[in-house]
Each structure stands twice: as C-alpha cells, then as structure tokens.
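Here's the structure we're looking at; comments come further down.
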Amino acid sequence: MSDLTSKEQEILEREYQEIVEAYRKFRPQGNFDLIDRAYRFACEAHSGVRRKSGEPYIYHPVAVARIVVEEIGLGATSIASSFLHDVVEDTDYTVEYVETHFGSRVANIVLGLTKLSGGVFDHDPESMQSENFRRLLLTMSEDIRVVLVKMADRLHNMRTLEHMPSRKQYKIAAETLYLYAPLAHRLGLFKIKTELENLGFCYEHPQYYKELTEKIKVKTKESTVLLERFCDTVRQRLEPLGITYTIDYREKTPYSVWRKMERRNIPLDQIYDLLAVRIIFELNEEVLKDLKKDEAIVAAERAMCWQIFASLSSVYAPRHGRMRNFLSTPKTNGYEALHQTYLLEGGQAMEVQIRSVRMNEIAEKGCAAHWKYKTDSSDDSELEKWLTTLRELLDTPESNAIEFVDDFKMNVHEHEIFVLTPKGQIKTLPKGCTVLDFAFDIHTDLGMHCLGAKVGHKMVGVNHVIKSGDQVEVLTSPKVQAKQEWMDFVVTGRAKSKLRFVFREYRKEQEQKGEDLLQHYLDKNKLKLTSELLNKLLIHYNLSDKGELLLKLGKGELLTDNFSQIINRKLSNKLVSYWRVRLERYTSSKKKGDGRRAGEIEQESVGEYVSANCCKPLPGDDVVGFDEGGVMYIHKRGCNQLISLAARHGDRVFDATWTKHKMKSFLAVLDMTGEDRMGLVTEVTKIITEEYSVNMSAIHFDSNNGIFKGSLHVYVSDVEYLNRLIGKIMQVYGVREVRRV
Ligand code: MN
C-alpha cells in the first residue's frame with residue numbers, strides 16, 4: 001500500500017472499521033476473519049491504481065462493501081465479495097485463486113459480478129444487449145447476492161458519476177433509470193431505488209433537476225409550519241396510548257415530482273403532496289414479552305397500525321379513496337404498511353405512512369431485511385415465487401432484447417391483484433389483466449385455445465378484465481386459435497411473449513412470401529430496389545417500413561400490379577385534410593340596447609389547440625375544450641381530469657366539435673441525425689402525431705454505432721408549420737440536426 005498518502009491510509013482504515021462495526025451490530029458472532037482477509041487482499045491487489053477522480057481505486061470496493069452492509073444489510077460473504085468484486089476483472093488474480101483463498105461461495109459471486117461488468121447495454125448489437133441482460137437475470141436467479149452487490153456497485157458509481165466524461169454520464173444515467181432503478185424497486189430496495197432515480201434524473205435532465213430542486217425547496221419551506229402543527233397533534237394523540245414512535249418526514253424527490261407532472265400533465269403548483277410523513281412505531285417491551293411467536297408479533301403490529309390510523313382519522317379528514325392497505329396484502333416484495341392521505345388545515349393534503357420498525361426496515365432494505373426477520377427460511381417467500389416466474393420467462397427461447405426488457409419492466413411496475421383458480425389456489429397477476437392473461441398464467445395451452453371464462457357464475461369473453469378476488473374458470477376449445485387482436489388486451493409479459501412467438505413465426509412466413517413476390521416483380525421489369533423507389537411505394541400505401549410492405553404483399557393485401565404506375569408518378573402537392581376544432585363560446589354581452597341578448601353563442605374555428613395528455617383524444621372523439629391561460633386544451637368528454645377542472649373553473653369550458661378542412665399541401669422531406677437512445681423514435685413520432693397540422697406519410701430510422709439517421713416525409717400546408725415542427729424535433733434530447741432536403 002506504498003502508494004497511499006498517510007491521510008488516505010487513515011481514511012481507508014476508518015471506513016473499514018465502520019464496516020466491521022456495522023456488521024458486528026447484527027452479527028456479533030460473525031465471520032470477521034473472512035471480511036478482514038478479503039479487505040487486506042483487495043488493498044494489495046488494487047494497490048498503485050487510482051480512479052478517474054484521482055482517489056485510490058480501493059476506495060471504490062470499500063464504499064461498495066459499506067453500502068452492502070449498511071444500506072442492504074447483507075452479511076460476511078457479501079461484504080467479502082464486495083471487497084473483491086473488481087479483482088478478477090481488473091488485476092491478474094484469477095477466480096481459481098479467489099476460490100482457494102476465500103471459498104467457493106465468494107468465488108461464485110465474484111465470478112457472477114465479473115461476467116456482469118461493463119454496462120448491460122454497452123455492446124452495440126442488439127443480441128449482445130439481450131445476452132447481457134439475460135445474464136444479469138440468470139445470475140440473479142442463481143444467487144440473488146450477485147445482483148444485490150451489483151446494485152451497491154452501481155449506486156456507488158452513480159454517486160461518483162461527476163468524474164466521468166459527460167457522454168458516458170448520460171449513457172450510464174439512462175441505463176440506471178431504465179434498468180437498475182426498476183430492478184431495485186422489484187427487489188424492495190426502495191431507498192436505493194429512490195437515490196438511483198434521482199441521480200439518474202440529475203444527469204439525464206440536469207436543467208429540470210436544478211429547477212425542480214429549487215422550487216421544491218421553496219414550496220416545502222412554506223409547509224413547515226403546517227408540518228410542525230401536524231407533529232404536535234400526532235404527539236397529543238399518540239402519547240396517551242403509550243406508543244413509542246418517531247416521525248420521519250421527507251420531501252418528495254425531484255424525480256418523483258417530475259414523473260407526476262409528466263404523467264398527469266400538471267404544473268408543480270398542482271402537486272399538493274410534496275411532503276410525506278412516516279410514523280414509525282415500536283411495540284413496547286411488555287407486549288413483546290408475551291408474544292413469542294413471529295406471527296403474533298406481526299399481528300400485534302398490524303393492529304397497532306390500525307389503532308394509529310383510527311386516532312389520526314378522528315382529527316383529520318382522510319381523503320376518500322387514498323388509503324393503501326399493504327397490511328392484509330403486502331406487496332410482492334414484502335412491503336407492509338398503511339398509507340393514507342389526510343386533508344390538513346387550508347386544504348393541504350399530506351400522505352401519512354404508518355409502519356413498525358420492522359416494516360420500515362423491510363421497506364428500506366427489502367428482501368435482505370425480510371430474511372433477517374423470517375426465522376423459518378424454508379418458507380417459499382414471495383421473492384422466491386417471483387424468481388421462478390423470471391426463470392420461466394428466460395426459458396422462452398424467442399424473446400428479443402427490447403421486448404424482453406419491456407415485458408420485464410411491465411412485470412416490475414404493475415400493481416398486483418389476486419385471482420383464485422376453481423380449486424381455490426391464489427395467483428398473483430398485474431392489475432388490469434384479462435381472462436387471457438390468467439389462462440396463459442396457468443398453462444400455455446389454456447391460453448392458446450382460450451374461449452372465455454366463467455367468473456363467479458357469469459360467462460365472460462377472453463378480454464374481460466379480472467378484478468382482485470375473482471374466482472376464474474378458464475374455458476377452452478380446440479377450435480380456437482390465437483388471434484392478432486389478442487395482443488391489444490393482454491398485459492402480462494408471459495402472455496405477450498407466447499403470443500408474439502406464434503405471430504412472429506406467421507409474420508416471417510408472410511414476409512418471405514412478400515419478398516419473393518417483390519423480387520419477381522423487380523426482375524420482370526428490370527428494376528432495382530432503390531430507396532427512392534421504396535419511398536414512393538411506402539408513401540403511396542402509407543406504410544412505415546419495408547417489412548410492412550413485404551407483409552402486406554405476402555398476405556395478398558397489396559398487389560404488384562399497381563406498382564409501375566406508382567413508381568412512375570411524380571411527387572407533387574396534394575389536397576390534404578386537416579383536423580380542426582370548432583369551439584362554441586358562450587359570451588355574455590355587456591352592451592345594452594344593441595338588440596343582442598345577454599349571453600350569445602359565438603362560433604370559431606381553431607387550428608391551434610393541444611390535445612390533453614390525460615385522455616389523449618383523437619379526431620372523431622366526443623370532445624370538450626378547456627382554456628388554460630389562453631391555450632385551448634381538448635379533452636374527451638368523460639375525462640376525469642376535465643371533470644375536476646370543470647368543477648372548479650366552469651367558465652373556461654367550451655363545447656367543441658371536430659371539423660375537417662382540405663388544404664393544398666406540399667411534401668417536405670426532413671433528414672435528421674443524433675445520438676441514438678432508447679425512446680427517441682417514440683418521442684419524435686409523438687411530436688408529429690400531436691401536430692394535427694402535419695400529415696406524416698413515411699418515417700425511417702436507422703441506427704449505427706450509437707448514431708441514428710432518420711428521414712421523415714410530411715405534408716404541411718405552409719413553411720411556418722414546417723419550421724415549428726423542425727423546432728420541436730430539435731428539442732428532443734439526442735437530436736443533433738434536422739435538415740429539410
Ligand atoms: Mn465496481
């Protein structure tokens with residue numbers, strides 16, 4: 001360790017002692033020897049190497065070990081593995097060496113971590129992404145500790161991300177938000193999840209992050225008085241009950257506020273629950289003495305949650321429909337608590353979470369804490385069940401990288417419901433799932449030939465949405481075959497991947513057939529498939545890519561007979577229909593004696609309006625306009641958001657109807673380039689589809705070595721619209737250049 005200064009040496013030793021102490025607290029008789037040997041060895045192995053920040057490299061494994069013990073609550077094997085996690089990757093020592101000196105358990109974890117080193121999405125070809133991601137999940141289902149240490153590793157790398165070059169920062173941050181944060185959530189590591197999300201957000205959208213942090217600070221300051229008064233009341237209520245408790249409150253993080261604003265399309269001013277309060281209580285010694293068994297303690301804690309809930313509800317008005325009972329149905333990751341939003345003085349809302357010390361630890365450290373409290377470890381826990389599902393998902397040979405990650409994330413994010421089989425077995429499924437999802441969950445064959453189901457005593461169709469607590473009997477018929485429309489309403493990853501497999505096979509056949517037909521046509525007419533030729537066909541048939549063209553040809557929906565005519569045609573201006581909105585404003589006339597009645601209906605046609613994010617109306621829907629500071633938002637008539645807005649600001653609601661206007665338009669071709677990242681194409685297409693003054697006729701995207709090239713064909717009525725569109729596309733993160741060809 002000759003390269004360290006004495007100051008650095010001192011810091012290192014102190015860090016190490018803290019790790020040992022944290023471990024001693026919950027395992028006084030633990031394996032201190034293993035930890036010590038691993039630490040000394042890691043110091044030796046990494047000596048002479050420094051990180052980009054200039055710090056000694058060994059600081060990193062030590063910091064990871066500290067997270068592992070303090071924030072996840074893992075034991076000696078994991079701590080030792082954390083010290084050693086980069087040794088095989090970065091030094092000349094082999095896994096065999098680690099195995100001889102530290103045993104096979106540590107060696108296996110180190111091996112798993114070495115395999116996972118580098119970013120999951122670092123390698124470019126899609127298959128590699130998929131492979132790495134699969135590997136991550138596979139290792140996870142073998143020894144969950146690999147992934148837990150990996151989480152700690154990622155967390156420390158995120159905490160020290162400022163030392164990375166900025167192009168890497170963005171990539172690592174995106175990967176963290178996309179993959180690691182949801183995974184942390186699924187593993188029940190809520191505290192880590194929150195930190196990962198915020199750090200990720202901070203590097204992905206530095207500007208928003210800064211703005212929001214400032215604004216939240218100001219807003220929460222305003223609520224401090226309110227909060228203090230609330231704490232006083234809680235004290236007055238709970239002390240007579242003889243409850244030992246702490247009140248913990250935290251501001252909502254910039255990331256969660258941002259998500260909420262995005263999701264509900266509302267400004268910061270309309271987010272009322274910027275503060276969440278936790279009441280964390282402990283059962284007193286006497287009660288505990290009488291309760292020896294685990295179940296009795298858990299039951300007593302739950303009863304206490306309700307008691308606290310009841311006494312708070314006698315002071316504050318609970319907001320209707322905002323209670324979350326995770327006591328009778330804990331989340332799949334083991335989370336238990338009682339949440340309720342209360343209305344405080346002045347109409348301010350505040351979320352209160354009621355938990356015991358044990359529940360709180362599970363909430364923050366997740367499964368690791370869960371195991372600590374479970375004396376009977378043979379119990380097949382919820383996590384174990386989830387890992388089994390994961391293994392099954394991995395066993396389906398077809399899934400491609402992006403779809404697989406999507407399906408996986410889907411399973412991570414959805415809230416669960418409980419469904420009963422005819423024999424009374426309980427199945428956990430995501431909220432919003434249909435009869436078909438349930439059928440696939442039981443068996444692939446049941447799904448493939450599903451006719452419907454009996455729910456209670458009623459017959460329902462395959463797309464019937466199941467509610468929690470339903471008893472469902474699946475009905476099948478050998479005559480039923482999987483249909484394309486099924487994809488529109490299945491929600492579980494399992495059903496989707498099974499269906500996709502069937503359809504992909506079918507699609508492949510049809511595309512091949514289409515390819516043959518196209519080739520035959522080209523040969524016959526002595527033509528080559530140039531991009532100009534292809535574009536003309538795509539624009540004419542309003543298709544998005546070559547694959548779609550081949551598919552339609554293969555299915556016989558298109559014939560090559562018309563091709564020559566289309567190919568020889570010149571591109572020119574054409575009449576394009578645009579959707580507009582006609583508003584009926586009810587104006588109260590103030591002039592007297594001019595013969596007009598007070599209150600008159602004026603009609604005007606509006607070309608510029610915003611389609612509201614909450615209900616996303618499309619032309620043809622029954623709609624209503626809502627004026628927000630001069631901007632006309634169009635909502636569906638039954639939209640909940642609109643109803644609550646209308647209740648407060650009835651005067652800003654207008655009757656609206658869709659009208660069509662035909663206008664002469666010209667074709668513009670836009671070329672664009674930029675850095676490729678997930679979701680970019682979706683963002684660009686979203687902009688175009690939301691601009692009803694623009695008609696898109698074709699879009700192509702190509703990605704190569706992290707750079708994407710795109711081409712858009714749009715019909716616009718004038719240059720102003722075109723420039724506005726270009727401006728909007730330029731604002732998409734990652735887009736470097738948009739050029740009119
Ligand atoms: Mn590392």
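The values are calculated or read from the model by the stated rules, or taken from the named source; none is laboratory data. Since the model is a prediction, treat every value here as computed from it, not as a measurement. When we count neighbours, we look across all protein chains shown, and the Cβ atoms used for this are built from the backbone with ideal geometry, even at glycine. These area figures cover heavy atoms from the full protein model, side chains too; ligands, DNA and RNA do not enter into them. Shrake-Rupley method; radii C 1.70, N 1.55, O 1.52, S 1.80 Å.
Observations
- Sorting the segments 53-64, 546-557 by their residues' average number of neighbouring beta-carbon atoms within 10 angstrom, most packed first, yields 53-64, 546-557.
- Normalised by 2.2 N^0.38 Å, where N is the number of residues, the C-alpha radius of gyration of region 193-273 stands at 1.37.
- Above-threshold pairs, the threshold being 29 Å between Cα atoms, out of Lys524/Lys546; Lys508/Lys536; Lys25/Lys168; Lys260/Lys728: Lys25/Lys168
- Contour minus Cα-Cα distance for Glu55 and Lys191 (0.36 nm per residue): 46.3 nm
- Difference of contour (0.36 nm per residue) and Cα-Cα distance, Ile567 to Met323: 81.6 nm
- Judged by the mean number of other Cβ atoms found within 10 Å, the most tightly packed of the peptides 671-682, 192-203 leads the ranking 192-203, 671-682.
- For the peptides 216-224, 25-33, the ranking by packing is 216-224, 25-33, with the highest mean count of neighbouring Cβ atoms within 10 Å listed first.
- With 30 Å as the limit on Cα-Cα distance, the pairs of Lys52/Lys150; Lys210/Lys686; Lys115/Lys427 that go past it are Lys115/Lys427.
- On the basis of the beta-carbon distance and an R0 of 51 Å, Thr444 and Ser644 show a calculated FRET efficiency of 0.75.
- At R0 = 60 Å, FRET efficiency that the Cβ-Cβ distance of Arg24 and Thr213 yields, to 0.05: 0.95
- A simple spin-label model places pseudo-atoms 7 Å from Cα toward Cβ; at Lys513 and Glu228 they are separated by 7.7 nm.
- Separation of the Asp545 and Tyr506 label points, Cα + 7 Å toward Cβ, nm: 2.0 nm
- Estimated FRET transfer efficiency when R0 is 30 angstrom, pair Asp655-Gln471 (beta carbons, to 0.05): 0.10
- Here Trp658 sits with roughly 40 square angstrom of accessible surface, probe radius 1.4 Å.
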